[in-house]
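The numbers here are math on the coordinates, done by the rules we state, and not lab data. Source: prediction; values computed, not measured. Here the Cβ is made from the backbone with ideal geometry for all residues, glycine too, and neighbour counts use every protein chain on show.
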Amino acid sequence: MGHSIPGWRRFPQLSRPRSVNSVHPYQINTDMIQNQATYDLFAGKSGASKEEFAASSQAAMALPIPWVEPSDITHAVLFLASDEAKYITGVPLPVDGGNSLI
């Protein structure tokens with residue numbers, strides 16, 4: 001169909017009822033961000049430390065955290081897949097420490 005997951009919300013003619021949601025994380029505490037290239041990029045200098053990266057990363061968050069933990073993403077996905085979320089559909093759920101607010 002050529003649409004992203006949020007684009008699926010625009011297709012009410014889907015053959016059977018289904019829940020289509022998406023989780024939108026920001027800076028998950030994994031090797032993908034915990035590396036020297038990322039430290040240097042965010043700190044704006046070569047040889048930056050993890051602490052300098054954390055400080056500059058936290059400045060981009062509405063909450064006082066430098067990044068989101070993998071378990072936070074897991075909890076969001078498990079919630080959306082649970083019976084407690086049975087009436088939630090078409091939702092892009094940011095798990096980003098408030099980064100999307102800034």
Radius 12 Å from Cβ of Gln27, net charge of other residues (Lys, Arg +1; Asp, Glu -1): -3
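When Lys and Arg each count +1 and Asp and Glu each count -1, what net charge do the other residues less than 15 Å away from Tyr39, Cβ to Cβ, add up to? Intermediate values should be presented prior to the final figure.
Values: positive: Lys45, Lys50; negative: Asp31, Asp40, Glu51, Glu52.
Result for the neighbourhood of Tyr39: -2.
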Under 5 Å, built H, 5+ apart or other chain: amide partners of Gly90: Val20, Asn21
Cα-based convex hull volume of region 5-101 per residue, rounded to whole Å³: 117 Å³
